[in-house]
1. Give Asn61, Asn88 a once-over and let me know the one that is in a helix (DSSP H, G or I), without any contact (Cβ under 8 Å) to a residue 60 or more places away in the chain and on the phi < 0 side of the Ramachandran plot.
2. Being out of contact with any Lys or Arg (no Cβ under 7 Å at 6 or more places or on another chain) and among the hydroxyl-bearing types (Ser, Thr, Tyr) is the filter; apply it to region 62-105 and report the residue that is surrounded by the fewest Cβ atoms within 10 Å (Cβ to Cβ).
3. Looking only at region 91-109, count how many residues are over 12 Å from the mean Cα position of the chain (by Cα) and not in a strand (DSSP E or B).
4. Of everything in region 215-228, what is at pLDDT 90 or above and either assigned by TED's automatic domain parsing to the domain that holds Met56 or of a type outside the set (A, V, I, L, M, F, W, C) (or both)? Give them in sequence order.
5. Taking the conditions exactly as written (surrounded by fewer than 17 Cβ atoms within 10 Å (Cβ to Cβ) and within 27 Å of the chain's Cα centre (by Cα)), does Arg169 satisfy them or not?
6. Among (1) under 30 Å from Asp226 (Cβ atoms); (2) charged (D, E, K, R); (3) surrounded by fewer than 20 Cβ atoms within 10 Å (Cβ to Cβ), where does Asp133 come up short?
7. How many residues are touching a strand residue (DSSP E or B) at 6+ places or on another chain (Cβ under 9 Å) and either of a type outside the set (Gly, Ala, Ser) or part of a strand (DSSP E or B) (or both) if we restrict to region 26-53?
8. Is it true that Gly115 is surrounded by fewer than 20 Cβ atoms within 10 Å (Cβ to Cβ) and not assigned by TED's automatic domain parsing to the domain that holds Phe177?
Amino acid sequence: MKKAMVVGLTVFLFGALFLACGEDRGGYLEDGTWRPVRSIEFVAPAGVGGGSDIWMREISNIINQNNLSNSTFMPVNRGGGAGAVGYNFMLSRSGNPHYVLALHNGVLVTSHIGGWPRTYEEMIDIVAIMAFDDVFLGTRADGPFTDIHSLLNAARANPGTIRFGSDQRLNTSHFMFELLREYADADMNYVQFDSSGLVATALLGGHVDVGIFNPSEFIGQLQSGDFVAIATFAEERVPGDMFANVPTFIELGYPQIVMREWRGLAVPLGLSEPARSYYEQLMRMVMETPQFHAFLERNYLIPTFMGPEEAAAFSATEIGRVRALFEALGQ
């Protein structure tokens, strides 16, 4: 009886050790490639309703509905701390290939500027950049500021009184707020929320006067006529009927007020090359689907594709530009 118990305990401990240390190894095939051996947790480091949440859920649906992976992708929100909660969670899963992260450059900026103990390079590996996501200022259609000129004039006449709604601080949205203050002499009151979805709710309720959004974050309110887009931070006007008449800040005489956001996928540190390659190829397959093209068109996203090396280099260059301005402004 005791011998049987010892054998059973040995088998149990060996199995537990294998599960704890061998998840990656367990996914290898005879040809040296890797594939998941259980479901994938797809993490958005933000709350429900914002751009990262929308991106995470759409990519998960495309993968699951088209059977692009042998495993199910499960969307999970891990918001808080301006993205730090989600990124620290990924750090705690280093070496585990069954977790992926919705990548947005706003959090990459925060990791460098926001006083985090580690920057994003020390927490995740970027697998792919898949789309550019241009940014707009939006106001209520029945509010006092229905064009960019009335907003800027009011901000100059009454510094600090216009309530500017945004998600988090020391990210790309905050960077664009600082661009307005520095180059358009528009001093407004920065009001922080946990997600762009909450910014839209606050704007709709009259708790802020203007909000900063990606198209997917306020397109429903534009279509319903509740909001109007009054300016974009893009280099050129965003194509499509919804935004064809929305001016760029370059057109308005502010060539320095330019910022573009991007979206993609990241994985925990310490993954094997076959595991990273699996996710890169999976994202390439996602981009080829009709659903992804429809999603891009519906949300006015600009398609692109950068693999791990190109994406990492591009991110480092762009984050350096943003960090330099924040430092120059004393942030």
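1. Asn88
2. Out of the qualifying residues, it is Ser92.
3. The total comes to 8.
4. Pro215, Gly220, Gln221, Gln223, Ser224, Gly225, Asp226
5. yes
6. Of the numbered conditions (1) under 30 Å from Asp226 (Cβ atoms); (2) charged (D, E, K, R); (3) surrounded by fewer than 20 Cβ atoms within 10 Å (Cβ to Cβ), the odd one out for Asp133 is (3).
7. Looking only at that region, the number is 11.
8. Yes; evaluated as a whole, the condition is true for this residue.
The values are calculated or read from the model by the stated rules, or taken from the named source; none is laboratory data. Note that the coordinates shown come from a computational prediction; the quantities given were computed from them, not determined experimentally. Reconstructed Cβ throughout: ideal geometry from the backbone, glycine too, with neighbour counts over all protein chains shown.
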